[in-house]
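What follows draws every value from the coordinates through simple rules; no lab data is involved. All values derive from a computational prediction rather than experimental measurement. Using ideal geometry, Cβ is built from the backbone for each residue, glycine included, and neighbour counts are taken over all protein chains shown.
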Amino acid sequence: MNSKIAQLQPLSLTSGSRFRWVAVTALLLAAGAIIKLVTPSIAGITPNWLISMYCLSIFLSRPTAKQSLVIGVAAGMMGLALSKSLFPLANLLSEPVGAFVAWLLVRIPLVIRTKSFQLDLRPGVSTFLATIASGSTFVIIMKIAVNIPDSLMMLLLLTIVPLVAVVNSIFAQIMYFPAKQLFSRMTGEIDKQASQFRGKQVEKVEVTPAERKDE
C-alpha cells in the first residue's frame, strides 16, 4: 500500500535536479505540440493540448512562480506557431496566465484517500481552471484586438472554453500517471548518480585510521 501511495506523490526536486523542470517542460511541450498537430478539428475546434502538458510539467517539477511564467511564455510561443485563430499573438499572454494559475493550484488539497488506494485529482482540476483562465484571457484579448461580436465572445466564454477545459483536464489526469512513473524513474537515476558522485568525493577526503594514529 505504501509503495502505491508513494507512486502518486509529485516529484521532489533535489539540489542535483535544479534545472530538471527545463527538461520536463521541453519534453512535455514537444509531445503536446505533436499531439495538437495530428489532432483533427471538431467543428473548427481543437483542444489545446499544450495547456494540459504545461500544467503537468508544473505539477511534476514544482517550479517557482517565475519559472512557471517562463513555462507559460514557452507554451505561448509554441501556441503562436501552431495557432489558427484570428489573433494568434494572444497566446503570448494567455498561456503565461494559465501557467501562473496552474502554479497557484499545485498545493490544493484534492486527494481522495481510501484504505486501498490514493487518487490525486490535482492535475485534472488545476488543468481545468488553468484552461478557463487561459481561454478567457485569449477571448478577451481577441475581442479587444479584432473586435469580435459580443454574441461570439459570450459563446466562446460560456461554451467553447469550458468544453475545452473539460477535455484538457481529463487528458491531463489520465496522462499524469504514466508521466509520473516516467519522470520518477528519471529522477531516481539522476539522484542515484549524484549520490554516488558525492560519495566518491567524501572518500577522497576521508582520513584513514593510520593517518589518525600518526597525527
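Can you tell me what the convex hull of the Cα atoms of the stretch 40-196 projects to on average, as an area in nm²? Before the final figure, lay out each step's value.
Numbers: hull surface 44.8 nm².
Reported value for the Cα convex hull: 11.2 nm².
Tell me, what HN-Hα J-couplings in whole Hz come from the Karplus equation 6.51 cos²θ - 1.76 cosθ + 1.60 at θ = phi - 60° for each residue of the stretch 54-68, using x for Gly and Pro?
Per-residue couplings from phi come out as 6, 5, 4, 4, 5, 5, 6, 8, 6, x, 6, 4, 5, 5, 5 Hz.
Using a Förster radius of 35 Å, what is the FRET efficiency between ALA30 and MET153 based on their Cβ-Cβ separation? Nearest 0.05, please. List each step's numbers first, then the result.
Working: r = 32 Å, r/R0 = 0.92.
After rounding to 0.05, the efficiency reads 0.60.
Starting at 0 and stepping by 5 Å, how many percent of the alpha carbon pairs of the stretch 81-168 end up in each bin?
3, 14, 20, 22, 16, 10, 7, 5, 3, 2, 0
For the residue pair ARG113 and ILE140, what label-to-label distance in nm results when each label sits 7 Å from Cα along the Cα-to-beta-carbon direction?
Label-label distance for ARG113 and ILE140, simple model: 3.7 nm.
Calculate the length of the line joining the C-alpha centroid of the stretch 102-120 to that of the stretch 131-169, in whole Å.
Comparing the Cα centres of the stretch 102-120 and the stretch 131-169, I get a distance of 28 Å.
What Rg and what Dmax come out for the stretch 77-118 when only alpha-carbon atoms are used, in angstroms?
16.8, 51
Using only Cα atoms, what is the ratio of the radius of gyration of the stretch 10-131 to 2.2 N^0.38 Å?
Compared with the compact-globule rule of thumb, the stretch 10-131 sits at 1.10.
Report the FRET efficiency, 1/(1 + (r/R0)^6), for LYS84 and ILE174, where r is their Cβ-Cβ distance and R0 is 30 Å, rounded to 0.05.
Calculated transfer efficiency: 0.75.
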